[in-house]
């Protein structure tokens, strides 16, 4: 994913933005149009970060704000040497902001939050502690959640559905707050809105994922949900089923649907064929004939598209690595060719 | 320089790892070429991980690859291949049913100039009804669909030249079709009869519930084997079928029009049928074109044939 970046002063090469020193923790904050609360956020994070007692860095990623967030931010972090801010040239969305943050940050452990969630900084520390106790990814679970009743209801339904479909046991899958080891994020391809499903993807790769309750700061929260977004959610669920279960085997999925349609079509057409053959009457005028042929055609097309999907996978199979190696023991320990 | 890499996927085989290592080591010492044994722990839940670490610590020939969870046999093999350094790669099951003492037989066959040599369990030591019969049926089906004539495609004991492994696309559950996958890469394939022992320790991971997946994978492979370079030929045939059907419906419709024997509703339905079939035909042609595009953009490497026929030990 290529993201256009612009720094506080001049546009700078990405490489020079990276910290050379070994950094243990990167705190990543994604914000957009958050000028009002930025002061409070910076103060809270600074208090948290300085209490961690490990080398850290803080990276603010401004996802195309229009309300002067970036300028306020530059002022707020001017006397905080561990903090940096990057601005995306336009609003690219949270997945892009996270990708940019991964590029720019160095920490082995990453604490990620979007400002809209307003987590209590105190709780972020607990996420980190869970990571250090052996988990690879810890999702923040907003509890109690500060949001409208509609949002809470839909979110609950969404989380329940994703749990059922993917088998992941989490209450708040896309809370917008998590902590993860860098390798987890680097081994997942995230694009579009699929960052909502990071924990699902991480678990597919064999990483250990858990959750931890976080408190949301009182007061302001943004009403940013539109019906369109809920529709998007529903489509995302289909995408995730496809990606987690069938991404390497499209025909296993489409072949099943196609077989059902084809068999139904074949049954109807066969019935009509014998009906005509044994002289029960004409079939040309029967709508059933049209239905039978239609089902058959749709079924075959589904199978064909499944086959085409298989061709795409097969053609690119040498670039796909569907397993994830935890460690290598023996000669040349730990290095992969 | 490692010459022989033996890749063995391990899934809950705590009782078999040490004897397997001992037998492989004994055979390899006899062969006397530089070797390595790569044990891929495919997310075992028993004591296999610690035993693997101990075995690796005791013998420098042993390398252990641990996967983060159970990814399945194809992925485990692919992981082992990724790590393997030998010019010849030998695979076998971790359940001791294959006999490492057969490895020299496979190597001798490779030396004759083949790229892949598959074991043939002539006298299988498995239960007749639940293992041998389904296996025999599956073998017949796979052979007739893929056109790769082997007696025993399911035997895990196989030897490959590195060039084939590097080109082979192994993912999903395609490990069942490795001979066909090698055929797609233009490999020359042979088989030799090998010994087979009954399982002594651990449980069989075989089950019969995967028939559907096998059939779907076979469908894919049959398409790829015949039309990998030109899917348009495949989809074109389906399109022609649709076109013929559409033309037939059009013929009936015109006959009815001429003879004025059809009622209006009947003619409407026939006309719809004609349109439907022609539209479907067009779509199949378009699918074929997209397929061509995928193939053209996907793999820019020149289709090649392994020409190096130096002996495997040369």
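Here, each number is a calculation from the coordinates, and none is a lab measurement. Remember, it's a predicted structure, so these values are computed and weren't measured experimentally. Here Cβ is always computed from backbone atoms with ideal geometry, including for glycine, and neighbour counts include all displayed protein chains.
Taking one equal scatterer on every alpha-carbon of the range B:5-143, how large is log10 of I(q)/I(0) by Debye at q = 0.16 1/Å?
So the normalised log intensities are -0.91.
Please report the relative contact order for the range B:47-138, taking Cα pairs under 8 Å with a sequence separation of at least 6, and give it as a percent rounded to a whole number.
Relative contact order comes out at 11 percent.
I want the antiparallel fraction of DSSP beta bridges within chain B, as a percent rounded to 5.
About 25 percent, rounded to the nearest 5.
Which residue fluctuates the most in chain B, going by a Gaussian network model with Cα springs under 10 Å, if the choices are B:252, B:194, B:238?
Highest fluctuation among the options: B:252.
From other protein chains only, count the Cβ atoms within 10 Å of every residue's Cβ in B:216-224, then give the mean.
Other-chain Cβ atoms within 10 Å of each residue's Cβ, averaged: 6.
Measure nothing fancy, just the Cα-based angle from helix B:211-227's long axis to the longest principal axis of chain B, in degrees from 0 to 90, nearest 10.
In chain B, helix B:211-227 runs at an angle near 80 degrees to the longest axis.
Taking chain B, how much of its Cα-Cα pair set, in percent, is spaced more than 26 angstrom apart?
Considering chain B, 55 percent of its Cα-Cα pairs are separated by more than 26 Å.
Cut-off 10 angstrom, C-alpha nodes, Gaussian network model of chain B. Which of B:216, B:168, B:28 fluctuates the most?
B:216
Throw me the Rg/Rh for chain A, computed over C-alpha atoms with Kirkwood Rh, two decimals.
Rg/Rh: 1.11.
How much of the DSSP bridge set in the protein assembly as shown is antiparallel, in percent, rounded to the nearest 5?
Once the DSSP bridges in the protein assembly as shown are tallied, antiparallel ones form about 35 percent.
How many partner chain Cβ atoms sit within 10 Å of a residue's Cβ in peptide B:163-171, on average, as a whole number?
Other-chain Cβ atoms within 10 Å of each residue's Cβ, averaged: 3.
Which percent of Cα pairs goes in each bin when the distances of the range B:39-79 are cut into 10 angstrom slices starting at zero?
Spelled out per bin, shortest first, that is 32, 51, 17.
Nearest 5 percent is fine: what portion of the DSSP beta bridges confined to the range B:1-159 is antiparallel?
20
Roughly how many whole Å is it from the C-alpha centroid of the range B:144-205 to that of the range A:41-69?
Between the Cα centre of the range B:144-205 and that of the range A:41-69, the gap is 55 Å.
Quantify how strongly other chains surround peptide B:45-53 by giving the mean number of their Cβ atoms within 10 Å of each of its Cβ atoms.
Mean number of neighbouring Cβ atoms from other chains: 1.
In degrees from 0 to 90, rounded to the nearest 10, what is the angle of the helix A:287-315 Cα long axis to the longest principal axis of chain A?
40
If each of residue B:141 and residue A:237 carries a label point 7 Å out from its Cα toward its Cβ, how far apart are those two points in nm?
So the label points at residue B:141 and residue A:237 sit 3.4 nm apart.
Between residue B:129 and residue A:257, what's the calculated FRET efficiency when r is the beta-carbon distance and R0 is 30 Å? Round to 0.05.
The pair residue B:129/residue A:257 has a calculated efficiency of 0.35.
GNM on chain A, C-alpha springs below 10 Å: top fluctuator among A:112, A:230, A:323?
Its mean-square fluctuation being the largest, the pick is A:323.
Rounded to two decimal places and with Rh computed the Kirkwood way over Cα pairs, what is Rg over Rh for the range A:250-318?
1.22
In vacuum, with every alpha carbon of the range B:231-297 counted as one equal point scatterer, what does the Debye formula give for log10 I(q)/I(0) at q = 0.11, 0.16, 0.27 Å⁻¹? Two decimals, please.
-0.35, -0.57, -1.00
Students often check this: by mean Cβ neighbours within 10 Å, which of B:115-124, A:56-65, A:251-260 ranks highest, and how do the rest follow?
Highest mean packing first, the order is A:56-65, B:115-124, A:251-260.
What number, in percent, do you get for the relative contact order of chain A if the mean sequence gap of Cα pairs under 8 Å and at least 6 apart is divided by its residue count?
Taking the mean separation of contacting Cα pairs over the length of chain A, I get 15 percent.
Simple spin-label model, 7 Å along Cα-to-Cβ: residue B:3 to residue B:282 in nm?
Distance between the two pseudo-spin positions: 6.4 nm.
Just the projected area, averaged over all directions, of the convex hull on the alpha carbon atoms of the range A:26-151: how many nm²?
Orientation-averaged projected area of the Cα hull: 8.2 nm².
Tell me the angle of helix B:231-259 to the major Cα principal axis of chain B, expressed in degrees between 0 and 90 and rounded to the nearest ten.
So the inclination is approximately 20 degrees.
Normalising by the residue count of the range B:231-297, find the relative contact order in percent from Cα pairs under 8 Å and 6+ residues apart.
About 57 percent, as a whole number.
Taking 45 Å as R0, compute the FRET efficiency from the Cβ-Cβ separation of residue B:247 and residue B:212 and round it to 0.05.
0.80
Highest first, please rank the peptides B:37-46, A:277-286 by the mean number of other Cβ atoms sitting within 10 Å of their residues.
Going by the mean number of other Cβ atoms within 10 Å, highest first, we get B:37-46, A:277-286.
Between the range B:1-74 and the range B:246-291, how many Å separate their Cα centres?
Spelled out, the Cα-based centre of one part sits 62 Å from the other.
Rg over Rh of the protein assembly as shown, using C-alpha atoms and the Kirkwood radius, what does it come to?
Taking Rg over the Kirkwood Rh, I get 1.04.
At what distance in nm do the modelled label points of residue A:132 and residue A:319 sit from each other, each positioned 7 Å from its Cα along Cα→Cβ?
4.1
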